[in-house]
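Below is one structure, written out as structure tokens; comments come after it.
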Amino acid sequence: MPKTHNLFLVNHPLGQNRRDFDEIGEKITALAPSIDVHVVPHDAEAAACGLPPDVWSRPSLAVAFRWPEKFRTRRGPIYAGRPINKFVQAQKYAAARVPIPRTLAYEFGRPLNRGFWGDYVIMKPTRIDMQSHGDHIFLMRTERVAALAPRIFPAEHPARKQPVLIQQFIDTGDYPQSFRVLTLFGEPLYCMIFRQDRPRSALTGTDSELLSLPVASNAGDNYVHQLIDDPEIVAFARRAAAAMPAIPLQGIDIVRQAGTGRLFVLENNSGGNTWHFSSRMFEMGNKKISRDMRIAQFGAWDIAAKVMVERTLREAR
């Protein structure tokens, strides 16, 4: 069958192993033989990728989980991951009516209204290098924020170089937990739960005791993570992904409020560091939940192939 469309899968070695794209590419070819799949490096210009001379005669689409350093398609759209400011995320979720915790860029020294925020709030930095493991997330009583914020993040603290967030505290229970759903063009590839394996202390402690509590589900070393098929969480992740349709790969973090069961999106990890089938960032995690286990949960490679075939045939130009 003659080739009628191009699909460029832009590989970044820090974000994923090329093997993944090769395997997905084979499934794409089996589903749609008319699509010519090319796996290209993110740090090479198109002319240096060894592409066939007539490749640009066909409608094309490119997909990059991280923003490519040099590769650009000469025709057709490119879907590429990129970090999205937390406040922009909040605006997009609000516009899509996807529930998120109340969030504010904190002005140091400013007292907070307990009637609006509730009894407790979370304080955390927006610096990317301080967000990965929950080590810089702090719980405090709302009326104590003005006094405690400078103690946690003094003026010379690196976190102060970017906005520090105040966020509504969503209590997920005695064992703090959250869910991560990885979506590709809105379709869930796997769903995972993170849970502290030691009970959280009561919220009646001193300021110092509250500040030392493991609020994030993946804080410290005392947490477990496992694949979980929770239809409500998966459906909610589809809603959340639809709020930012230009981002192909989204690692969506979700919490379920204890008592009410309400779901909230904490954040969308959109920069491309979430392909934990083979990303270097999550090599240790893959020793507990393997690449093959993640692929098998929902049939990730088949889902990826299907959604990229649909996108290519519909949107390549």
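The values are calculated or read from the model by the stated rules, or taken from the named source; none is laboratory data. Here the structure is a predicted model, which means the values were calculated and not measured. Methodologically, a virtual Cβ is constructed for each residue, glycine included, from the backbone with ideal geometry; neighbour enumeration extends over all protein chains shown. Protein only, heavy atoms only, side chains kept; ligands, DNA and RNA dropped before computing areas. Shrake-Rupley method; radii C 1.70, N 1.55, O 1.52, S 1.80 Å.
Tabulated results
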quantity: Order of exposure, largest accessible area first, which applies to 206, 126, 103 with probe 1.4 Å; calculated: 206, 103, 126
quantity: Dipole magnitude of the chain, debye to nearest 20 (Cβ charges: Lys/Arg +1, Asp/Glu -1, about Cα centre); calculated: 720
quantity: All aspartates and glutamates inside 15 Å of residue 3 as judged from Cα atoms, apart from same-chain residues fewer than 8 positions distant; calculated: 26, 36, 54
quantity: Which label in (i) 21.0; (ii) 20.5; (iii) 23.7 gives the computed Kirkwood radius over Cα pairs in Å; calculated: (i)
quantity: Inter-centroid distance (Cα atoms) of region 150-212 relative to region 1-26, Å; calculated: 35
quantity: Relative contact order of region 114-270, defined on C-alpha pairs under 8 angstrom at six or more residues apart (%); calculated: 24
quantity: Carbon and sulfur %, accessible surface of the chain computed with the full protein complex present, 1.4 Å; calculated: 51
quantity: Residue-normalised accessible area of the chain, expressed per residue, 1.4 Å probe, Å²; calculated: 46
quantity: Mean separation of Cα contacts under 8 Å, 6 or more apart, over the residue count of region 1-150: relative contact order %; calculated: 18
quantity: Peptide ranges 266-274, 85-93 listed from the most packed, as the mean C-beta count within 10 angstrom indicates; calculated: 266-274, 85-93
quantity: Computed over the chain: relative contact order in percent, which uses C-alpha pairs under 8 Å that are six or more apart; calculated: 23
quantity: C-alpha long axis of helix 18-31 to longest principal axis of the chain, angle in °; calculated: 60
quantity: Simple Cβ-charge dipole of region 140-277, Lys/Arg +1 and Asp/Glu -1, about Cα centre, in debye nearest 20; calculated: 280
